[in-house]
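The values are calculated or read from the model by the stated rules, or taken from the named source; none is laboratory data. Computed from a prediction, not measured in an experiment: that's the story for all the values here. We place every Cβ from the backbone using ideal geometry, glycine too, and count neighbours over all the protein chains shown. What goes into the accessible areas is simple: the full protein's heavy atoms, side chains included, and nothing from ligands, DNA or RNA. Shrake-Rupley method; radii C 1.70, N 1.55, O 1.52, S 1.80 Å.
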Amino acid sequence: MVKIPDKMKAMMLTEYNKLELATVPVPKPGKGEVLCRIRSVALCGSDPKMIEGGYKFANWPPYFPFIMGHEWAGEVVALGEGVEDFKIGDRVAGEAHAGCGVCDNCKRGHYTVCLNYGRDGRDGRLDLGHRHYGFYWQGANAEYNVYKTNSLHLIPDNVSYDAASLCDCAGVAFHGVELAGVTPGGTSVVFGPGAIGLCAMQECKALGSGQVIMIGRGKKLEMAKELGADVCIDFEKEDPVKRVLELTNGVGADEVMECSGAPSSPMQACRLVRKKGAIAIIATYKDDAVLIPANTVNFNEIKIIGSKANPNVSKKVLNMFSTGAVKVEELITHRFPLEEYPRAVEIFEKKLEDSIKVVINP
Ligand SMILES: [Zn+2]
Ligand SMILES: [Zn+2]
(Lines give C-alpha, C1' and ligand atoms only; values in the text may rest on other atoms or scores of the structure.)
(Ligands and ions follow the chains in the order given, each with its own letter.)
Protein backbone atom coordinates (compact mmCIF):
# COMPACT_ATOMS: atom_id res chain seq x y z
CA MET A 1 0.00 0.00 0.00
CA VAL A 2 1.20 3.48 -0.85
CA LYS A 3 2.15 5.57 2.16
CA ILE A 4 0.30 8.87 1.83
CA PRO A 5 2.34 11.91 2.83
CA ASP A 6 0.88 14.99 4.55
CA LYS A 7 2.11 17.37 1.88
CA MET A 8 2.25 17.31 -1.90
CA LYS A 9 3.50 19.30 -4.82
CA ALA A 10 0.87 21.21 -6.76
CA MET A 11 0.98 23.60 -9.70
CA MET A 12 -1.03 26.63 -8.65
CA LEU A 13 -2.50 29.40 -10.73
CA THR A 14 -1.92 32.28 -8.27
CA GLU A 15 -3.31 34.98 -10.55
CA TYR A 16 -3.96 35.24 -14.29
CA ASN A 17 -0.79 34.38 -16.22
CA LYS A 18 1.05 33.34 -13.06
CA LEU A 19 1.87 29.71 -12.27
CA GLU A 20 3.73 28.61 -9.17
CA LEU A 21 4.84 25.23 -7.90
CA ALA A 22 3.77 25.01 -4.26
CA THR A 23 3.75 22.53 -1.40
CA VAL A 24 0.25 22.13 0.00
CA PRO A 25 -1.59 19.66 2.28
CA VAL A 26 -2.81 16.42 0.67
CA PRO A 27 -6.63 16.64 0.67
CA LYS A 28 -8.69 14.11 2.63
CA PRO A 29 -11.51 12.18 0.96
CA GLY A 30 -14.98 12.91 2.33
CA LYS A 31 -18.14 10.81 2.14
CA GLY A 32 -18.42 9.10 -1.25
CA GLU A 33 -14.99 10.33 -2.33
CA VAL A 34 -11.59 8.73 -2.88
CA LEU A 35 -8.07 10.10 -2.79
CA CYS A 36 -6.15 9.47 -6.02
CA ARG A 37 -2.45 9.56 -6.78
CA ILE A 38 -2.37 11.47 -10.06
CA ARG A 39 -0.18 9.78 -12.68
CA SER A 40 -0.98 11.60 -15.93
CA VAL A 41 -2.74 14.85 -16.80
CA ALA A 42 -3.32 15.85 -20.41
CA LEU A 43 -3.38 19.52 -21.34
CA CYS A 44 -6.60 20.76 -22.89
CA GLY A 45 -7.20 23.77 -25.13
CA SER A 46 -9.18 25.29 -22.28
CA ASP A 47 -6.14 25.32 -19.96
CA PRO A 48 -4.09 28.12 -21.57
CA LYS A 49 -7.31 30.06 -22.05
CA MET A 50 -8.13 29.79 -18.35
CA ILE A 51 -4.59 30.79 -17.36
CA GLU A 52 -4.92 33.93 -19.46
CA GLY A 53 -8.26 34.91 -17.94
CA GLY A 54 -10.30 33.92 -20.98
CA TYR A 55 -13.05 32.34 -18.86
CA LYS A 56 -13.79 35.23 -16.51
CA PHE A 57 -17.36 35.15 -17.86
CA ALA A 58 -17.72 31.59 -16.57
CA ASN A 59 -16.00 32.35 -13.23
CA TRP A 60 -13.21 29.84 -13.96
CA PRO A 61 -11.21 29.70 -11.79
CA PRO A 62 -13.56 30.72 -8.98
CA TYR A 63 -10.68 31.73 -6.66
CA PHE A 64 -6.88 32.02 -6.42
CA PRO A 65 -4.65 30.17 -5.87
CA PHE A 66 -6.31 27.45 -7.93
CA ILE A 67 -5.16 23.98 -9.03
CA MET A 68 -6.26 23.32 -12.63
CA GLY A 69 -6.11 20.08 -14.66
CA HIS A 70 -9.12 17.96 -15.66
CA GLU A 71 -8.01 15.27 -18.15
CA TRP A 72 -6.31 12.83 -15.83
CA ALA A 73 -5.64 9.23 -14.82
CA GLY A 74 -4.23 7.78 -11.62
CA GLU A 75 -4.58 5.32 -8.81
CA VAL A 76 -7.00 5.12 -5.89
CA VAL A 77 -4.93 5.32 -2.68
CA ALA A 78 -7.51 6.03 0.06
CA LEU A 79 -11.27 5.62 0.44
CA GLY A 80 -13.68 8.05 2.09
CA GLU A 81 -16.67 7.02 4.19
CA GLY A 82 -19.12 4.66 2.51
CA VAL A 83 -17.14 4.02 -0.68
CA GLU A 84 -17.85 0.53 -1.99
CA ASP A 85 -17.59 0.95 -5.77
CA PHE A 86 -13.78 1.37 -5.82
CA LYS A 87 -10.92 -0.13 -3.85
CA ILE A 88 -7.36 0.90 -3.06
CA GLY A 89 -5.06 0.17 -5.97
CA ASP A 90 -7.71 0.63 -8.67
CA ARG A 91 -6.41 2.35 -11.82
CA VAL A 92 -8.89 5.04 -12.78
CA ALA A 93 -9.54 7.73 -15.37
CA GLY A 94 -11.45 10.83 -14.35
CA GLU A 95 -14.17 12.99 -15.83
CA ALA A 96 -14.21 16.73 -15.24
CA HIS A 97 -17.91 16.76 -14.35
CA ALA A 98 -19.58 15.14 -11.36
CA GLY A 99 -23.22 16.20 -11.47
CA CYS A 100 -25.29 16.95 -8.38
CA GLY A 101 -27.32 13.82 -9.09
CA VAL A 102 -30.62 15.32 -7.92
CA CYS A 103 -31.62 18.00 -10.47
CA ASP A 104 -33.92 17.22 -13.41
CA ASN A 105 -31.04 17.15 -15.91
CA CYS A 106 -28.81 14.92 -13.77
CA LYS A 107 -31.70 12.53 -13.18
CA ARG A 108 -31.99 12.16 -16.96
CA GLY A 109 -28.25 11.53 -17.28
CA HIS A 110 -27.39 15.01 -18.60
CA TYR A 111 -24.97 15.79 -15.80
CA THR A 112 -22.64 18.05 -17.81
CA VAL A 113 -25.53 20.51 -18.02
CA CYS A 114 -26.41 20.09 -14.34
CA LEU A 115 -28.94 22.69 -13.18
CA ASN A 116 -27.00 23.10 -9.95
CA TYR A 117 -23.80 23.96 -11.78
CA GLY A 118 -21.61 26.08 -9.53
CA ARG A 119 -23.47 25.06 -6.36
CA ASP A 120 -20.48 23.10 -5.20
CA GLY A 121 -21.42 22.61 -1.58
CA ARG A 122 -19.49 25.52 -0.20
CA ASP A 123 -22.81 27.20 0.63
CA GLY A 124 -23.55 24.31 3.00
CA ARG A 125 -25.83 22.40 0.61
CA LEU A 126 -23.51 19.41 0.23
CA ASP A 127 -26.37 17.47 -1.38
CA LEU A 128 -26.06 19.87 -4.30
CA GLY A 129 -22.36 19.11 -4.55
CA HIS A 130 -21.84 19.59 -8.25
CA ARG A 131 -18.16 19.40 -9.16
CA HIS A 132 -16.34 20.63 -12.23
CA TYR A 133 -12.83 19.49 -11.48
CA GLY A 134 -10.06 21.75 -12.73
CA PHE A 135 -12.54 24.51 -13.65
CA TYR A 136 -14.69 25.24 -10.62
CA TRP A 137 -13.21 22.79 -8.16
CA GLN A 138 -9.60 21.85 -7.43
CA GLY A 139 -8.08 19.80 -10.26
CA ALA A 140 -5.37 17.29 -11.07
CA ASN A 141 -2.19 19.35 -11.53
CA ALA A 142 -0.83 17.92 -8.29
CA GLU A 143 0.44 14.66 -6.86
CA TYR A 144 -2.94 13.88 -5.29
CA ASN A 145 -6.56 14.95 -5.48
CA VAL A 146 -9.91 13.85 -4.06
CA TYR A 147 -12.76 12.81 -6.38
CA LYS A 148 -16.38 11.78 -6.11
CA THR A 149 -16.55 8.19 -7.29
CA ASN A 150 -19.20 9.00 -9.90
CA SER A 151 -16.50 10.86 -11.86
CA LEU A 152 -14.19 7.80 -12.03
CA HIS A 153 -13.86 4.81 -14.38
CA LEU A 154 -11.67 1.72 -14.21
CA ILE A 155 -8.90 1.65 -16.81
CA PRO A 156 -8.55 -1.62 -18.79
CA ASP A 157 -5.27 -3.41 -17.98
CA ASN A 158 -3.70 -2.85 -21.40
CA VAL A 159 -4.30 0.93 -21.38
CA SER A 160 -1.53 3.11 -19.92
CA TYR A 161 -2.12 6.03 -17.54
CA ASP A 162 -0.94 8.44 -20.24
CA ALA A 163 -3.44 7.05 -22.77
CA ALA A 164 -6.20 6.96 -20.15
CA SER A 165 -5.65 10.66 -19.41
CA LEU A 166 -7.12 11.23 -22.91
CA CYS A 167 -10.39 9.60 -21.83
CA ASP A 168 -11.92 13.04 -21.26
CA CYS A 169 -10.75 14.39 -24.63
CA ALA A 170 -11.87 11.31 -26.59
CA GLY A 171 -15.11 11.37 -24.59
CA VAL A 172 -15.82 14.98 -25.55
CA ALA A 173 -15.49 13.85 -29.17
CA PHE A 174 -17.63 10.76 -28.62
CA HIS A 175 -20.50 12.63 -26.99
CA GLY A 176 -20.78 14.73 -30.15
CA VAL A 177 -20.48 11.64 -32.34
CA GLU A 178 -23.27 9.97 -30.39
CA LEU A 179 -25.51 13.05 -30.53
CA ALA A 180 -25.09 13.51 -34.29
CA GLY A 181 -25.23 9.78 -34.88
CA VAL A 182 -23.11 7.90 -37.39
CA THR A 183 -24.74 6.45 -40.50
CA PRO A 184 -23.33 2.95 -41.08
CA GLY A 185 -21.77 2.93 -44.53
CA GLY A 186 -22.42 6.66 -44.86
CA THR A 187 -20.18 9.71 -45.09
CA SER A 188 -18.97 11.54 -41.98
CA VAL A 189 -17.08 14.81 -42.07
CA VAL A 190 -14.82 16.00 -39.26
CA PHE A 191 -13.66 19.62 -39.14
CA GLY A 192 -10.38 20.15 -37.30
CA PRO A 193 -7.69 17.48 -36.91
CA GLY A 194 -6.69 18.49 -33.38
CA ALA A 195 -6.80 15.89 -30.61
CA ILE A 196 -10.62 15.98 -30.34
CA GLY A 197 -11.11 15.82 -34.12
CA LEU A 198 -8.62 12.96 -34.48
CA CYS A 199 -10.56 11.05 -31.83
CA ALA A 200 -13.91 11.89 -33.47
CA MET A 201 -12.59 10.64 -36.82
CA GLN A 202 -11.54 7.28 -35.36
CA GLU A 203 -14.83 7.00 -33.45
CA CYS A 204 -16.86 7.56 -36.64
CA LYS A 205 -14.87 4.72 -38.22
CA ALA A 206 -15.44 2.53 -35.17
CA LEU A 207 -19.20 3.11 -35.48
CA GLY A 208 -19.22 1.96 -39.09
CA SER A 209 -19.01 5.12 -41.16
CA GLY A 210 -18.30 4.24 -44.79
CA GLN A 211 -15.94 7.14 -45.39
CA VAL A 212 -14.63 9.72 -42.97
CA ILE A 213 -13.49 12.99 -44.46
CA MET A 214 -11.16 15.19 -42.40
CA ILE A 215 -10.91 18.90 -43.12
CA GLY A 216 -7.81 20.72 -41.86
CA ARG A 217 -4.28 21.57 -42.82
CA GLY A 218 -0.61 20.87 -42.12
CA LYS A 219 1.00 18.16 -40.04
CA LYS A 220 -2.18 17.34 -38.14
CA LEU A 221 -3.96 16.59 -41.40
CA GLU A 222 -1.17 14.14 -42.21
CA MET A 223 -1.74 12.56 -38.81
CA ALA A 224 -5.41 12.13 -39.70
CA LYS A 225 -4.39 10.18 -42.79
CA GLU A 226 -2.03 7.98 -40.76
CA LEU A 227 -4.79 7.26 -38.24
CA GLY A 228 -7.23 6.16 -40.93
CA ALA A 229 -9.11 9.14 -42.39
CA ASP A 230 -10.37 8.07 -45.84
CA VAL A 231 -10.12 11.52 -47.40
CA CYS A 232 -8.18 14.54 -46.16
CA ILE A 233 -9.12 17.98 -47.46
CA ASP A 234 -6.61 20.82 -47.01
CA PHE A 235 -8.84 23.90 -46.85
CA GLU A 236 -5.96 26.11 -47.89
CA LYS A 237 -5.71 24.24 -51.20
CA GLU A 238 -9.31 23.40 -52.06
CA ASP A 239 -12.88 24.30 -51.18
CA PRO A 240 -14.14 21.75 -48.62
CA VAL A 241 -17.81 22.31 -49.56
CA LYS A 242 -17.23 21.64 -53.24
CA ARG A 243 -15.07 18.60 -52.60
CA VAL A 244 -17.45 16.96 -50.12
CA LEU A 245 -20.36 17.45 -52.52
CA GLU A 246 -18.28 15.85 -55.29
CA LEU A 247 -17.44 12.91 -53.04
CA THR A 248 -21.12 12.35 -52.23
CA ASN A 249 -22.66 12.70 -55.69
CA GLY A 250 -23.94 16.16 -54.82
CA VAL A 251 -25.97 14.89 -51.86
CA GLY A 252 -23.72 15.97 -48.98
CA ALA A 253 -22.35 14.26 -45.90
CA ASP A 254 -24.65 12.35 -43.57
CA GLU A 255 -23.18 13.94 -40.45
CA VAL A 256 -20.59 16.51 -39.49
CA MET A 257 -18.48 16.75 -36.33
CA GLU A 258 -17.36 20.37 -35.91
CA CYS A 259 -14.16 20.18 -33.86
CA SER A 260 -12.23 23.11 -35.34
CA GLY A 261 -13.58 26.18 -33.56
CA ALA A 262 -12.97 28.22 -36.73
CA PRO A 263 -15.79 30.77 -37.09
CA SER A 264 -16.30 29.79 -40.75
CA SER A 265 -16.80 26.08 -40.05
CA PRO A 266 -20.46 26.01 -38.94
CA MET A 267 -21.45 27.84 -42.16
CA GLN A 268 -19.46 25.39 -44.30
CA ALA A 269 -20.83 22.46 -42.32
CA CYS A 270 -24.40 23.52 -43.18
CA ARG A 271 -23.48 23.77 -46.85
CA LEU A 272 -21.87 20.33 -47.11
CA VAL A 273 -24.26 18.27 -45.01
CA ARG A 274 -27.14 16.49 -46.75
CA LYS A 275 -30.81 17.36 -46.37
CA LYS A 276 -31.92 16.05 -42.98
CA GLY A 277 -28.25 15.65 -41.96
CA ALA A 278 -26.82 16.39 -38.52
CA ILE A 279 -24.06 18.68 -37.28
CA ALA A 280 -22.56 18.33 -33.80
CA ILE A 281 -20.97 21.51 -32.46
CA ILE A 282 -18.18 20.02 -30.36
CA ALA A 283 -15.74 22.94 -30.60
CA THR A 284 -15.99 26.26 -28.79
CA TYR A 285 -15.42 29.65 -30.46
CA LYS A 286 -13.51 32.73 -29.53
CA ASP A 287 -16.60 34.83 -30.19
CA ASP A 288 -20.02 33.54 -29.30
CA ALA A 289 -21.62 35.01 -32.44
CA VAL A 290 -20.92 32.70 -35.39
CA LEU A 291 -22.87 32.78 -38.68
CA ILE A 292 -25.06 29.96 -39.94
CA PRO A 293 -27.17 29.95 -43.15
CA ALA A 294 -30.57 29.92 -41.48
CA ASN A 295 -32.58 29.39 -44.69
CA THR A 296 -30.46 26.38 -45.61
CA VAL A 297 -30.99 25.01 -42.11
CA ASN A 298 -34.73 25.48 -42.55
CA PHE A 299 -35.10 24.22 -46.14
CA ASN A 300 -32.86 21.20 -45.59
CA GLU A 301 -34.06 20.40 -42.07
CA ILE A 302 -30.51 20.33 -40.79
CA LYS A 303 -30.12 19.29 -37.18
CA ILE A 304 -27.51 21.39 -35.34
CA ILE A 305 -26.70 19.91 -31.94
CA GLY A 306 -24.67 21.43 -29.12
CA SER A 307 -22.40 18.91 -27.43
CA LYS A 308 -21.10 19.78 -23.98
CA ALA A 309 -18.28 17.76 -22.43
CA ASN A 310 -18.49 14.00 -22.05
CA PRO A 311 -21.47 12.51 -20.19
CA ASN A 312 -21.95 8.72 -20.14
CA VAL A 313 -19.18 7.90 -22.59
CA SER A 314 -16.02 7.19 -20.57
CA LYS A 315 -16.50 3.45 -20.25
CA LYS A 316 -17.09 3.11 -24.00
CA VAL A 317 -14.11 5.30 -24.83
CA LEU A 318 -11.74 3.39 -22.52
CA ASN A 319 -12.89 0.13 -24.09
CA MET A 320 -12.18 1.56 -27.56
CA PHE A 321 -8.67 2.47 -26.34
CA SER A 322 -8.29 -1.10 -25.12
CA THR A 323 -9.39 -2.74 -28.37
CA GLY A 324 -7.33 -0.33 -30.48
CA ALA A 325 -10.41 1.04 -32.27
CA VAL A 326 -9.33 4.48 -31.06
CA LYS A 327 -5.59 5.10 -30.91
CA VAL A 328 -4.53 7.87 -28.55
CA GLU A 329 -0.90 7.08 -27.65
CA GLU A 330 -0.06 8.42 -31.13
CA LEU A 331 -1.58 11.77 -30.22
CA ILE A 332 0.76 12.28 -27.24
CA THR A 333 3.72 14.20 -28.64
CA HIS A 334 5.22 15.58 -25.42
CA ARG A 335 5.56 14.55 -21.76
CA PHE A 336 6.73 16.74 -18.85
CA PRO A 337 7.05 16.50 -15.07
CA LEU A 338 4.79 18.80 -13.02
CA GLU A 339 7.65 21.25 -12.41
CA GLU A 340 7.79 22.00 -16.14
CA TYR A 341 4.09 22.72 -16.53
CA PRO A 342 4.62 26.34 -17.68
CA ARG A 343 6.89 25.10 -20.49
CA ALA A 344 4.38 22.40 -21.36
CA VAL A 345 1.64 25.01 -21.66
CA GLU A 346 3.81 27.11 -23.94
CA ILE A 347 4.62 24.20 -26.25
CA PHE A 348 0.98 23.17 -26.34
CA GLU A 349 -0.54 26.60 -26.80
CA LYS A 350 1.87 27.83 -29.46
CA LYS A 351 1.77 24.42 -31.14
CA LEU A 352 5.59 24.30 -31.04
CA GLU A 353 7.44 21.17 -32.21
CA ASP A 354 4.25 19.90 -33.92
CA SER A 355 2.68 19.26 -30.54
CA ILE A 356 -0.75 17.66 -30.46
CA LYS A 357 -1.39 16.36 -26.98
CA VAL A 358 0.94 17.21 -24.10
CA VAL A 359 0.86 15.09 -20.94
CA ILE A 360 2.11 15.99 -17.44
CA ASN A 361 3.33 13.23 -15.11
CA PRO A 362 3.17 14.62 -11.54
ZN1 LIG B 1 -10.57 19.23 -21.67
ZN1 LIG C 1 -27.54 18.23 -11.38
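Descriptive notes on the structure:
- Dividing the convex hull volume of the alpha-carbon atoms in the chain by its residue count gives 133 Å³ per residue.
- Per-pair calculated FRET efficiency, R0 = 45 Å: ALA325 and LYS31 via Cβ, rounded to 0.05: 0.75
- Think of it as helices only: each DSSP H run of n ≥ 4 in the chain is worth -39500 (n - 2.57), and spread over all residues that comes to -6500 deg cm²/dmol at 222 nm.
- Reach of LYS308 by Cα under 18 Å, taken over aspartates and glutamates that are not fewer than 8 positions away in the same chain: ASP47, GLU71, GLU95, ASP104, ASP168, GLU178, GLU203, GLU255, GLU258, ASP287, ASP288
- Taking the C-alpha atoms only, the angle from helix 314-323 to the longest principal axis of the chain is near 70 degrees.
- Note on ASP239 and ASP354: their simple-model spin labels are 3.2 nm apart, each label 7 Å out from Cα toward Cβ.
- GluC sites (Glu not before Pro) within segment 1-79, DSSP loop, no more than 15 other Cβ atoms inside 10 Å: GLU52
- Considering only alpha-carbon pairs that sit under 8 angstrom and 6 or more positions apart, the relative contact order computed for the chain is 17 percent.
- Over 24 Å (Cα to Cα) - which of LYS107/LYS148; LYS148/LYS303; LYS31/LYS56; LYS18/LYS357; LYS3/LYS357 fall in this group: LYS148/LYS303; LYS31/LYS56; LYS3/LYS357
- For segment 52-201, the fraction of 1.4 Å probe accessible surface lying on carbon and sulfur atoms is 52 percent.
- Dividing the mean sequence gap of close Cα pairs (under 8 Å, 6+ apart) by how many residues segment 172-306 holds gives a relative contact order of 25 percent.
- In the chain the longest region clear of trypsin sites (Lys or Arg not before Pro) that are loop-assigned by DSSP and have at most 10 other C-beta atoms within 10 Å covers 109-236.
- The value obtained for segment 18-157, namely the Cα convex hull volume divided by the number of residues, is 122 Å³ per residue.
- Look at the dipole of the chain built from charges on Cβ: of TYR341, ASN150, ILE88, the Cα furthest out on the positive end belongs to ASN150.
- In this Cβ point-charge picture (+1 for Lys and Arg, -1 for Asp and Glu), the chain has a dipole of about 420 debye about its Cα centre.
- Sorted largest first, the spans of the alpha carbon positions of segment 172-306 along the three principal axes are 37, 33, 30 Å.
- Once the 1.4 Å probe is applied to the protein heavy atoms, the chain comes out at 43 Å² accessible per residue.
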